[in-house]
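Data first, discussion second: the structure below is written as structure tokens.
None of the figures in this text is laboratory data; all of them are computed from the coordinates on show. The structure presented is a predicted model; accordingly, all values stated were derived computationally and were not measured. Backbone-built Cβ (ideal geometry, glycine too); neighbour counts: all protein chains shown.
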Amino acid sequence: MSERKSILNKKRIVIKVGSSTLTHPNGSLNLSRIEKLAGVITYLHNQGKEVVLVSSGAIAAGVGKIGLDKKPADKIKKQALAAIGQAELIKIYEKFFEEYNKTVAQLLLTRDGIENASRRRNARNTFKELLSMKVIPIVNENDTVSTDEIEFGDNDILSAMVSSLINADLLIILSDIDGVYTSDPNIDKNARLISDLSKEDGDISKFIFDSESAFGSGGMASKLTAGKHCVENGIDMVIANGANPSIIYTVLEGKEVGTYFKGSE
Ligand code: GLU
């Protein structure tokens, strides 16, 4: 608990939810989980926290919308489905947040856009304005012009870049795994969940392993890259299991859940 004491005072929080957290095993959107997530974010917002949501799920929503039975492997088809599904996804968020009297905004970003100085400035100004208007920004990759996160990352890296762009205090990555393990828990029964990565010896990349499980398109590798980016930019990050969005409360209480990347002093 003491290691994570600083989490109690975090004000500007980025929450990233991946496709695997937002969908049922058959690929359709898990609406009850999205509704719960909207409830948790609303609660934090009412407490005076500034929350930015980075959400995947556009392709999944597109798959459901046109009645496919699974996500296609073809990249261009995925881009088209993301274009169809993004409208649906935002409609769903709007509906749930509206029930709580909250306004959301849609921001479609790319990694290279955030790296470009003038676009970076534009994006930062937009975030700043939205947060001052007490609006909840909902970010996804602009899959029409960029496929970085479709191919590798499922928005893990984008969410870390957004966190540094807006000087967030904390990034919470919700996934379908409890956190970073010492080895693949699906194969190795001795695998241990790492609670605090700063206490482990050596290079964190040694915890990257291949797994068959649906960790999202970047698996653990993109989450560790996101963690490295956050730590280098002085931002704390926690990876936790998003099966129940209430875990966000547990993270914010500074409890030992998931894996903590210590970025702040
Ligand atoms: N931007 C994509 C989406 O919203 C990312 C999904 C993925 O990589 O699976 O669907």
Quiz prompt | Relative contact order of the chain, defined on C-alpha pairs under 8 angstrom at six or more residues apart (%) | solution = 24
Practice problem: Provide the net charge surrounding Glu3, with neighbours chosen by a C-beta distance below 10 Å and charges set as Lys +1, Arg +1, Asp -1, Glu -1. | Solution: +2
Quiz item: How much length, in nm to one decimal, is gained on full extension between Lys77 and Lys5, taken as 0.36 nm per residue of separation minus their Cα-Cα distance?
Solution: 21.4 nm
Self-check item: Net charge over other residues, Cβ less than 11 angstrom from the Cβ of Val63 (K, R count +1; D, E count -1)
Solution: +3
Quiz item: By count of other Cβ within 10 Å, fewest leading, how are Ser132, Ser222, Ser159 ordered?
Solution: Ser132, Ser222, Ser159
Quiz prompt | Most positive-pole-ward Cα, Ile76, Phe96, Gly62, against dipole of region 61-105 from beta carbon charges | solution = Ile76
Exercise. List, in order, the whole-Hz ³J(HN,Hα) value for each residue of region 223-237 obtained from phi through the Karplus relation with A = 6.51, B = -1.76, C = 1.60 and θ = phi - 60°; use x for Gly and Pro.
Key: 5, 5, 5, 4, x, 4, 4, 5, 4, 5, 9, x, 10, 6, 9
Exercise. For region 1-103, just say rounded, prolate or oblate: build the C-alpha gyration tensor, square-root its eigenvalues into a ≥ b ≥ c, call rounded for a/c under 1.5, and beyond that prolate if a/b exceeds b/c, oblate if not.
Key: prolate
Quiz prompt | Structure-based [θ]222 nm, the chain - -39500 (n - 2.57) summed over DSSP H runs of at least 4, per residue, nearest 500 | solution = -12500 deg cm²/dmol
Quiz item: What are the lysines whose alpha-carbon lies under 24 Å from the alpha-carbon of Lys10, with same-chain residues fewer than 8 places away excluded?
Solution: Lys36, Lys49, Lys102, Lys128, Lys134, Lys199, Lys223, Lys228, Lys255, Lys262
Quiz item: In the chain, what percentage of the DSSP-assigned beta bridges are antiparallel, given to the nearest 5?
Solution: 15
Self-check item: Net charge of neighbours whose Cβ lies under 12 Å from the Cβ of Glu88, counting Lys and Arg as +1 and Asp and Glu as -1
Solution: +2
Quiz item: Listing Arg192, Arg120, Arg4 from the residue with the fewest other Cβ atoms within 10 Å to the one with the most, what is the order?
Solution: Arg192, Arg120, Arg4
